[in-house]
1. Counting only DSSP beta bridges with both residues in region 1-154, what percent are antiparallel, rounded to the nearest 5?
2. I want to verify a result. In a Gaussian network model of the chain, Cα cutoff 10 Å, which of these has the top mean-square fluctuation: 227, 82, 111?
3. Extension gain residue 132-residue 6, at 0.36 nm per residue separation less the Cα-Cα distance, in nm?
4. What is the spread of the Cα atoms of the chain along each of their three principal axes, largest first, in whole Å?
5. Counting other Cβ atoms within 10 Å, which GluC sites (Glu not before Pro) in region 94-161 have at most 14 and lie in a DSSP loop?
6. Just to check, using Stokes-Einstein with a Kirkwood Rh over alpha carbon pairs, what's the diffusion coefficient of region 133-200 at 10 °C and 1.306 mPa s in µm²/s?
7. If you restrict to DSSP beta bridges whose two residues both lie in region 105-204, what percentage is antiparallel, to the nearest 5?
8. Can you tell me the convex hull volume per residue for region 230-274, based on C-alpha atoms, in Å³ to the nearest whole number?
Amino acid sequence: MQEINKTGTLYIVATPIGNLEDITLRAIRILKEVDLIAAEDTRHTLKLLNHLEITKPLISYHRHNEEIKSDVLIQKLKEGNNIALVSDAGTPGICDPGEEIIKRCIQLEINIVPIPGPCAIINSLICSGIDTKEFTFLGFLPLNKKLRKNKLDEINKSNKTIIIYEAPHKLLATLQDLKQVLNQDRKIVLAREITKIHEEFIRENIDNLIARTENIKGEIVLIIEGNNIQEDNELNNLSIEEHYKYYENKGFCKKDIIKQIAKDRNVNKNEIYKQFI
Ligand code: SAM
């Protein structure tokens, strides 16, 4: 009787985001058992495999070859091979390659299995001290001006905690853009180098964060407190003078009060300015 070739399984394996001790026992077992490992950067993954004393065929699977390599991987899965998909750090598919092959496997009814582990979103959030009940992850902010403006407006209006990833060389520009839209009271936590030697959670207001950016290096996540809509609505029900008084009592200077009122009421600050000269 002819043997029926069973389709293989694609394992989505999370790997450490810094500290190599964060690999799970299950991840190690799966990496040892699969026929092939698809890696975002094969040289990078080789270091992890050497550390774990695992020898396994590697195939590169990164953002620029995702489509072509998905075909290759699908073929190998159909031939009965089990494959582990790993990214350079953390959970594949989260701002890392993986989405494409996962969607294709679902369409083709190929089995996919998550192997949970580190992810910068969750680990930055849990130590931020900011509300964890509801949150929105926005990945990296877009660079395109219009798309970026839309995202910044979304952050400003969101009453849920917002999480964004950022590269150190773009941090200053991002904080300056956030300062333009966010209410001065909004808490921001900058989590950097999570699980590494220089792990740090900086809890500052935006101005102090901006002042410190030159010394902030490494991998970064920003966690932004949700907008207190209720308070905003209440403020917008006040007369303009009462609204002014509210911020004056908080110790804001005239320039900042005008900026803040304009943000709360979603109007141009010149309009507010005219009323106070
Ligand atoms: N797949 C990864 C995950 O599960 O978090 C994310 C990969 S994405 C290409 C890289 C970004 O994740 C970095 O720019 C940084 O924003 C964040 N990140 C990754 N490792 C981090 C760490 N150890 N500390 C802080 N942020 C980290």
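1. 5
2. Result: 111 has the largest fluctuation of those listed.
3. Details: separation 126, 0.36 × 126 = 45.36 nm, distance 4.21 nm.
Extra length available between residue 132 and residue 6 comes to 41.1 nm.
4. 90, 39, 30
5. Passing both the DSSP loop test and the Cβ count: 109, 134.
6. Numbers: Rh = 13.0 Å.
Estimated via Stokes-Einstein, D reaches 122 µm²/s.
7. For region 105-204, the DSSP antiparallel bridge percentage is about 50.
8. Values: hull volume 2.8 nm³, N = 45.
With only Cα atoms used, region 230-274 gives 61 Å³ per residue.
Values quoted throughout were computed directly from the atomic coordinates according to the rules given, and no laboratory measurement underlies them. Everything numeric here is computed off the predicted structure, so don't read it as measured data. Cβ sites come from the backbone with ideal geometry, for glycine too, and all protein chains shown count toward neighbours.
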